[in-house]
Amino acid sequence: MNPGASPTDPLQQAITSTRAALAEGSAALRAAYEAHPSTSRLLGGRAAMVDRAIVAMWRVFGMPDDAALVAVGGYGRGELFPYSDVDLLILLPVAADAALQARLSDLVGALWDIGLEIGQSVRTVDECLEAAAQDITIQTTLLEARLLHGDSALYNTFKQRYQDALDVRAFFKAKRLEQEQRYGRYNDTPYALEPNCKESPGGLRDLQMLGWISRAAGLGRNWRDLARKRLITGEEASELRSIERFLQHVRIRLHFLCGRREDRLLFDHQEKLASAMQVPASANRRASEALMQRYYLIAKKLTQINTILLQNYGTVIFPDRSGPAIVINEHFQMVRELLDVRDDQVFERHPPALLECFLILQQRSELKGMTARTLRTLWLNRKRINAAFRADPHNRALFLQLLQQRQGIVHEFRRMNQYGILGRYLPAWRRIVCQMQHDLFHVYTVDQHILMVLRNVRRFTMGKHAHEYPLMTRLMLGFDKQWLLYVAALFHDIGKGRGGDHSRLGMVDARHFCEQHELEADDTELVVWLVEHHLSMSHVAQKQDIADPEVILRFAECVGSERRLTALYLLTHADIRGTSPKVWNGWRGKLLEDLFFASQRLLRGATPQQALGLDDRQEDAQRLLRYHGLRPGVEDTLWDTLEAVYFMRNSSEEIAWHTRTLYYRTDTDEPVVKARVTDPDQGMQVMIYTRDQKDLFVRLTGFFGKLGFNILDARIHTTRHGYALDTFVVQDPGNQAGYRDIVLLIEHDLGERLKTGAPLDRPSSGRLSRQVKHFPISPQVSIRADESGKHYILLLTAADRPGLLFAVAEVLARHGIELLTAKIMTLGDRVEDTFLISGRGLSSDAHVLRVERELLDLLQI
């Protein structure tokens, strides 16, 4: 369109009036929807309104009579969400010449001008078929083509040739593969805390895919058609329609709330969405929690029906693959590599088969799953698992067998959860199904997190994962009755959501289970202890000073035996890895490993000092120095200035690194800064050696904060002759730059700033994450004397934000508080930091209270 066109120009008038009509129509549709929410009226009404607008503009531009204007994709289906793209195919009898291309370009520009987001293609029939043959997405888009205006004969030719060229079997395979890839992008779960209502497993795309395959195979155009052909039951057809309406409402409301196309149920939107959908809160649950649980249950049901219907599609589309049934036992048979009930009354006649079917899948690797008939019958009979069923010794033995098989444990427990069997057998499990976790590091619902932990524990038994978890694999293979860890994994978080300490609640449930299933007394006590203490090792490793012999001694006394220690280490490792891909890192793993080995030595009879390996560390460090060509004794000058606590808090390799760098300049006037990367997963280590100076820790945290780095660990040491020997472990949260590329930059710039006494670097304030905004954490601050009475421990819990550690350091410096060690713990967007501090004023309760109040004010969001 000519940008200089006059407002009285006919084209400009048409654009203005059409744009106004669309705006007015959209407002009317929204008002009608708000008054009486109907997805079909809104989606169909918007598609019809856009039809009229596009056809009007087509006529204004006087497009050739032998062309066809075709709606495709969701728009072709007659469904248009408030802010969805409008997909068009302009079908031509022959390729467009230059003049027609210019007119088409002007038309598309005008369609954007009237307020539509257009996705267009201009093709001949031959070009359509060629594109469809090469791209499954284009083939799917054309499947739902709908003529808007123009040459109907050309359109009908296109439809006929498209249908003739469509290979239904290839289409079915491609859509199945496409679904697998899409599921993979969302970690194969609909239960993420911020799912995509369109693309995630159990979202609208699943429904659309079922519809596409049905249309391509000529099986029907709606759910009722499929029920009439007995591909689904009438009840399932009704459920699908209900699921479809719910997901459409969610997407419509998201578009309205955001004023743009948005399909993710972000934390920012969940509470507003619950209000818009009139989902009430309850005494112990937010409205957003109630909405999301409903969403997850809907997604769960959809994935169930999706599995059943895809199997039935496959039976119809590939009838030649059906072979004779192979009898397995009196209740089950194998059909097309799938487990099948021999008749629909199997579970009614023989209820233990509700568990036996999963056991058979574990024991027979040739079985790839269950037939649609079996899954449907399983779901319909799940309530036969009642108190009498659970009390039957035979069924209890079956359940334990499911945990003791060599393969298929995770797959079958996931399947049991999906079809309601696990929740029926373990009543406590029902309470956590699809339950959200309102913290800043779990990214799955409680039941899915537990199953993820079970998966992680199982991986420790598998040789194919030994390269990922070598120590875990070795420990697991040496552990008797590995299945006890699976029981502990199932119960470790089962008490969540009831109020109170979930570890204690879960411990009660675990004991009840073990006693009911007649586990040996020692095994029962192990499982119960693991559930009660499943957070203990993580807490000690990440919040306490594991270089302190007293800390190791108390932890070892709590554990009591090497068997418990090994079991707890395995469960802790699996638990942390099962919270979120972002929570685990190599540094956290090293803390747990150090605590494990120190406790193991103590339990084997070593003294606390021996358990920490002080003498061994020094000897190992000396061997490393000799390996690097340094003569015996060169370390003495530096080591004589260091307290024993230095050797406890640093590994032999770190001690050797420091010594190689400093042995010849222990009295230097120049600050020494050295950085290195031993493992990118663990971040970068930075060592600073300089004459101790006022506010040094503040200066260092400001420098790293200015770079945008997270500080994972800080070890602060002061030598006997007044030098600071500090080591930081820092990490780039966005992994924007390769660490090795900035080592020299850090060494030079930080060294210069310490040398010249440059002004403090102040980190940028940045922005709070969305999670922190919607799941606020009440900050906690505690200052108490340690057991020796010589120092104090500052415990700090708060929501993370840029520059937080720098701000805390400033408060401590302002009150004359000296920092001895700092353990910085970040769990997602939550920080749990522990500082060993000293200062004359800390003996005064009033002074301590002032510091605590100032820190609390600082930490408030």
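Would you mind finding the one in ASP164, ASP87, ASP97, ASP126 that is out of contact with any Asp or Glu (no Cβ under 7 Å at 6 or more places or on another chain), open to solvent by 40 Å² or more (accessible area, probe 1.4 Å) and in contact (Cβ under 8 Å) with a residue 12 or more places away in the chain?
ASP87
Residue check, ARG564 against (1) in contact (Cβ under 8 Å) with a residue 40 or more places away in the chain; (2) surrounded by fewer than 22 Cβ atoms within 10 Å (Cβ to Cβ); (3) within 16 Å of MET476 (Cβ to Cβ), all met but one. Which one?
Only one criterion is unmet by ARG564, namely (1).
Residues that are over 25 Å from the mean Cα position of the chain (by Cα) and farther than 24 Å from ILE317 by Cβ, at least 2 per element: which helices (runs of 4 or more DSSP H) completely within segment 171-280 meet that?
Result: 234-258, 267-276.
Can you tell which of SER275, SER288 is on the phi < 0 side of the Ramachandran plot, surrounded by fewer than 21 Cβ atoms within 10 Å (Cβ to Cβ) and hydroxyl-bearing (Ser, Thr, Tyr)?
Matching residue, one of SER275, SER288: SER275.
Please enumerate the residues belonging to segment 339-355 that are open to solvent by 30 Å² or more (accessible area, probe 1.4 Å) and out of contact with any strand residue (DSSP E or B) (no Cβ under 6 Å at 6 or more places or on another chain).
Across segment 339-355, the qualifying residues are ASP343, ASP344, GLN345, GLU348, ARG349, HIS350, PRO351.
Yes or no: segment 47-68 includes at least one residue that is open to solvent by less than 20 Å² (accessible area, probe 1.4 Å) and under 37 Å from the mean Cα position of the chain (by Cα).
yes
Going by the structure shown, is LEU591 in contact with a Phe, Trp or Tyr (Cβ under 7 Å, 6 or more places away or on another chain) and either farther than 18 Å from PHE479 by Cα or at pLDDT below 95 (or both)?
It is false that LEU591 is in contact with a Phe, Trp or Tyr (Cβ under 7 Å, 6 or more places away or on another chain) and either farther than 18 Å from PHE479 by Cα or at pLDDT below 95 (or both).
Would you please name the residue that is farthest from GLN181 (Cα to Cα), looking only at residues in segment 222-239 that are touching a helix residue (DSSP H, G or I) at 6+ places or on another chain (Cβ under 6 Å) and open to solvent by 20 Å² or more (accessible area, probe 1.4 Å)?
GLY234
Looking at segment 596-635, which of its residues are within 24 Å of MET472 (Cβ to Cβ), open to solvent by 20 Å² or more (accessible area, probe 1.4 Å) and in a loop (DSSP other than H, G, I, E, B)?
Of everything in segment 596-635, those that are within 24 Å of MET472 (Cβ to Cβ), open to solvent by 20 Å² or more (accessible area, probe 1.4 Å) and in a loop (DSSP other than H, G, I, E, B) turn out to be ARG604, ALA606.
Take THR141 and tell me if it is out of contact with any Pro (no Cβ under 6 Å at 6 or more places or on another chain), open to solvent by 30 Å² or more (accessible area, probe 1.4 Å), over 27 Å from LYS198 (Cα atoms) and part of a helix (DSSP H, G or I).
no
Here's the yes/no breakdown for (1) modelled with pLDDT under 90; (2) open to solvent by 20 Å² or more (accessible area, probe 1.4 Å); (3) of a type in the set (A, V, I, L, M, F, W, C):
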position	(1), (2), (3)
GLU752	no, yes, no
HIS774	yes, yes, no
ASP786	yes, yes, no
ALA799	yes, no, yes
GLU818	yes, yes, no
ASP833	yes, no, no
ILE837	yes, no, yes
VAL851	no, no, yes
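Which of the numbered conditions does ASP493 fail, given that it passes all the others? Conditions: (1) charged (D, E, K, R); (2) under 30 Å from TRP379 (Cα atoms); (3) surrounded by fewer than 23 Cβ atoms within 10 Å (Cβ to Cβ); (4) within 23 Å of the chain's Cα centre (by Cα).
Condition not satisfied by ASP493: (3).
For segment 375-412, give me each residue that is open to solvent by 40 Å² or more (accessible area, probe 1.4 Å) and aromatic (Phe, Trp, Tyr).
Matches in segment 375-412: TRP379 only.
Please return the ranges of strands (runs of 3 or more DSSP E) entirely within segment 639-719 where 1 or more residues are open to solvent by 30 Å² or more (accessible area, probe 1.4 Å) and of a type outside the set (Lys, Arg).
Correct list: 710-718.
Do you know which of the residues in segment 316-325 that are modelled with pLDDT of 90 or more and within 17 Å of SER214 (Cβ to Cβ) is most open to solvent (accessible area, probe 1.4 Å)?
Applying the filter and picking the extreme gives VAL316.
Does segment 496-535 hold any residues that are more than 21 Å from VAL410 (Cα to Cα), within 24 Å of the chain's Cα centre (by Cα) and not charged (D, E, K, R), and which are they?
Across segment 496-535, the qualifying residues are GLY497, HIS502, SER503, LEU535.
Looking only at segment 578-586, decide whether some residue is in contact with a helix residue (DSSP H, G or I) (Cβ under 8 Å, 6 or more places away or on another chain), more than 24 Å from VAL487 (Cα to Cα) and in a helix (DSSP H, G or I).
yes
What residue, of MET452, MET476, is over 17 Å from SER561 (Cα atoms) and part of a helix (DSSP H, G or I)?
MET452
Cβ-Cβ under 6 Å, sequence separation 6+ or interchain: first residue in segment 254-283 and acidic (Asp, Glu), partner not in a loop (DSSP other than H, G, I, E, B). Which pairs?
Note: pairs meeting the criteria are GLU262/LEU254; ASP263/ASN196; ASP268/ARG770; GLU271/SER288.
Restricting attention to segment 183-197, which residues are touching a helix residue (DSSP H, G or I) at 6+ places or on another chain (Cβ under 7 Å) and surrounded by fewer than 20 Cβ atoms within 10 Å (Cβ to Cβ)?
Within segment 183-197, just GLU194 meets the criteria.
Which pairs do you get when a residue that is without any contact (Cβ under 8 Å) to a residue 12 or more places away in the chain and outside any loop (DSSP other than H, G, I, E, B), found in segment 418-438, comes within reach of a residue that is aromatic (Phe, Trp, Tyr) and crowded, with 19+ Cβ neighbours inside 10 Å, reach meaning Cβ atoms under 6 angstrom, with the pair 6+ apart or on two chains?
LEU422/TRP429; GLY423/TRP429
As an exercise: evaluate TRP112 against (1) under 23 Å from GLY78 (Cα atoms); (2) of a type in the set (A, V, I, L, M, F, W, C); (3) crowded, with 16+ Cβ neighbours inside 10 Å and give the number of the one condition it does not meet.
(3)
The values are calculated or read from the model by the stated rules, or taken from the named source; none is laboratory data. For clarity, every value in this text was computed on a predicted model and none was experimentally measured. Virtual Cβ from ideal backbone geometry, glycine too; neighbours counted across all protein chains shown. Just so you know, the surface numbers come from the protein's heavy atoms only, side chains and all, with ligands and any DNA or RNA stripped out. Shrake-Rupley method; radii C 1.70, N 1.55, O 1.52, S 1.80 Å.
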